[in-house]
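Worksheet: the structure to be examined is printed underneath.
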Amino acid sequence: MAYWLFKSEPNTWSWDDQVKKGAVGEGWDGVRNYQASNNMKAMKVGDLGFFYHSVNEKQIVGIVEGIEEYHPDPTDAKGRFGMVTVKAVKPVEKPVTLADIKAEPRLEDFALVRQSRLSVVPVSDDQWKLILSMAGTTL
């Protein structure tokens, strides 16, 4: 299993929106960066990810699971990019802010910090466990 982080502007697509989709989940569409797209190509069904509210909140608020692997993104008229489908698993007990992450020396190499503009980034096993602990959340 691999781990990921999905960034979304809460006024466009929020954790509450994701939860409302239930078991059918929602396609993570609109990604137009090749590196973020390649990250989604590497995802498998069952992979887990953090759901991160960007812009003003800048915090991890929930956990999602991949339920459909990379497939065409219907919002891309040129057909160059695809998407994965994810469903909400659970909210985190305590949101983990970007400031919390930057203050933790063991997360200095975290892609969220190093490549802050990417909307989908990998999370290592150690980073996943540490952030879950910071969030007071277990699976």
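The values are calculated or read from the model by the stated rules, or taken from the named source; none is laboratory data. Just so you know, these numbers come straight off a predicted model, no measurement behind them. Glycine gets a Cβ as well: all are built from the backbone with ideal geometry, and neighbour counts include every protein chain shown. SASA here: full protein model, heavy atoms, side chains in, ligands and nucleic acids out. Shrake-Rupley method; radii C 1.70, N 1.55, O 1.52, S 1.80 Å.
List of remarks:
- Contact map, the range 60-78: first residue of a type in the set (Gly, Ala, Ser), second residue outside any strand (DSSP E or B) and open to solvent by 80 Å² or more (accessible area, probe 1.4 Å), Cβ cut-off under 8 Å, separation 6 or more or different chains; pairs are Gly66/Lys44; Gly66/Val45.
- Residue selected from the range 7-31 under the condition charged (D, E, K, R) and surrounded by 13 or more Cβ atoms within 10 Å (Cβ to Cβ), by the criterion nearest to the chain's Cα centre (by Cα): Lys7
- Selection of the range 49-65 for residues being under 16 Å from Lys21 (Cα atoms) and open to solvent by less than 10 Å² (accessible area, probe 1.4 Å) yields Phe51, Gly62, Ile63, Val64.
- A single entry from Glu93, Glu65, Glu57 fulfils the requirement of being under 13 Å from the mean Cα position of the chain (by Cα) and of a type in the set (D, E, K, R): Glu65.
- Members of the range 12-69 that are basic (Lys, Arg), under 18 Å from Gly82 (Cα atoms) and not in a loop (DSSP other than H, G, I, E, B): Lys41
- Any hit, the range 68-83, residues being among the β-branched types (Val, Ile, Thr), open to solvent by 10 Å² or more (accessible area, probe 1.4 Å) and under 23 Å from Asp17 (Cβ atoms): yes
- Across the range 92-139, the qualifying residues are those that are of a type in the set (Asp, Glu) and within 17 Å of Glu57 (Cβ to Cβ), and the one among them that is surrounded by the most Cβ atoms within 10 Å (Cβ to Cβ) is Asp100.
- Restricting attention to the range 89-134, the residues being free of Cβ contacts under 8 Å to residues at least 60 places away in the same chain and polar (S, T, N, Q) number 3.
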